[in-house]
Amino acid sequence: MDKLYIVVPCYNEEEVLPETVSRLTHKLEALISAGTVATDSRMLLVDDGSKDRTWQMIEDFHRENPLVQGLKLARNRGHQNALLAGLMTAKDHADVSISMDADLQDDIEAVDDFLRAYYDGCDIVYGVRNNRDTDTGFKRSTAQAFYKLMTFLGADTVYNHADYRLMSRRALEGLAQFKEVNLFLRGIVPMVGYKTATVEYKRGERFAGESKYPLTKMLNFALDGVTSLSVRPIRFITLLGFLLAAAGCVWALVLLILFLLGRPISGATVAVMSIWTACGLQLLATGVIGEYLGKIYLETKQRPRFIIETYLGDEGM
Ligand code: UDP
Ligand code: MG
């Protein structure tokens, strides 16, 4: 039986916390009495610098409820960093972690399937929602466009998976080796590797309070995702520059031939041709510089180049 930590980032969640804690307490008690997880399994509530009473409430829960642990960040660092802080704490204390949002939009009954896959040997289990009818049409279409864009730009993400996932301790240790500041967990976790599984669940409504992800945060999040995982946008600049410059050159050639054949050529045509060529060359040059910048950018992340899964060494070493 392994020790489970349920990691929950909380930002201004005073409205949902009592209900969340009581539901998670029931779930943990059920798992413990069924013998699925160890008796010292816990929920770890991470306060992401909330401005409301979230932290005081976590302190109270911790005092009254032995299953509740708290972690407080020094200031609001955003969902991804709060989650990472919680997971890195779980790594040092638990055998396996499950992360979920404080509003319990993700069906906590899926935890049973997560743990089944884990005991079957999976190190990472992705929760994948099989419905989006609780979202507004706007959120649904922007989310879909986002996944498409990510795939197009070469970033490997799991479709319809948010941050509801199980990670074993060694998967967390792998994750700990990614030192990047510009953090996008959904893109990084698949890079860790190991055996993985997906579990489908139905996503419900936030049962109280407001979404902590307004449009501006969502856009920032998407931009982080693209720029932290991919340097392809730079490549598009290079490509565009190349195409423009090439078109300009062909154009120049055509004009030259026409000129040699003694046909009349208007000054405007020549001017436009020059503009195309010059702009193209400039973009191309910018792109080339960008390519190097991109390399430096990826290099400064100091991502681990590999994570060893098994080591067959001598006995007793
Ligand atoms: N969250 C956080 N820090 C932030 C914003 C959000 O820790 O700066 C947490 C929030 O408390 C919740 C989770 O991230 O547990 C997801 O937020 P929310 O449910 O508001 O997002 P939505 O479901 O609307 O996308
Ligand atoms: Mg939510």
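The values are calculated or read from the model by the stated rules, or taken from the named source; none is laboratory data. This is a predicted model, so every value here is computed, not measured. Here the Cβ is made from the backbone with ideal geometry for all residues, glycine too, and neighbour counts use every protein chain on show.
For Tyr213, indicate whether it is away from ligand 2 (no atom under 16 Å from the Cβ), touching a residue at least 40 places away in the same chain (Cβ under 8 Å) and outside any helix (DSSP H, G or I). It is false that Tyr213 is away from ligand 2 (no atom under 16 Å from the Cβ), touching a residue at least 40 places away in the same chain (Cβ under 8 Å) and outside any helix (DSSP H, G or I).
Just the residues that are within 16 Å of ligand 2 (Cβ to nearest atom), basic (Lys, Arg) and modelled with pLDDT of 80 or more, please, taken from region 97-148. Result: Arg129, single match.
The helices (runs of 4 or more DSSP H) found entirely in region 111-209 that carry 1 or more residues being closer than 21 Å to Val7 by Cβ are 111-119, 169-176, 185-192. Scanning region 93-109 for residues that are hydrophobic (A, V, I, L, M, F, W, C), touching a Phe, Trp or Tyr at 6+ places or on another chain (Cβ under 7 Å) and within 16 Å of ligand 1 (Cβ to nearest atom) yields Ile98, Met100, Leu104. The condition (being more than 16 Å from ligand 2 (Cβ to nearest atom), touching a residue at least 24 places away in the same chain (Cβ under 8 Å) and acidic (Asp, Glu)) is satisfied by just one residue among Glu205, Glu173: Glu173. Given the criteria away from ligand 1 (no atom under 16 Å from the Cβ), closer than 30 Å to Pro9 by Cα, surrounded by 13 or more Cβ atoms within 10 Å (Cβ to Cβ) and of a type in the set (Gly, Ala, Ser), does Ser228 qualify? Judged against the criteria, Ser228 is a match.
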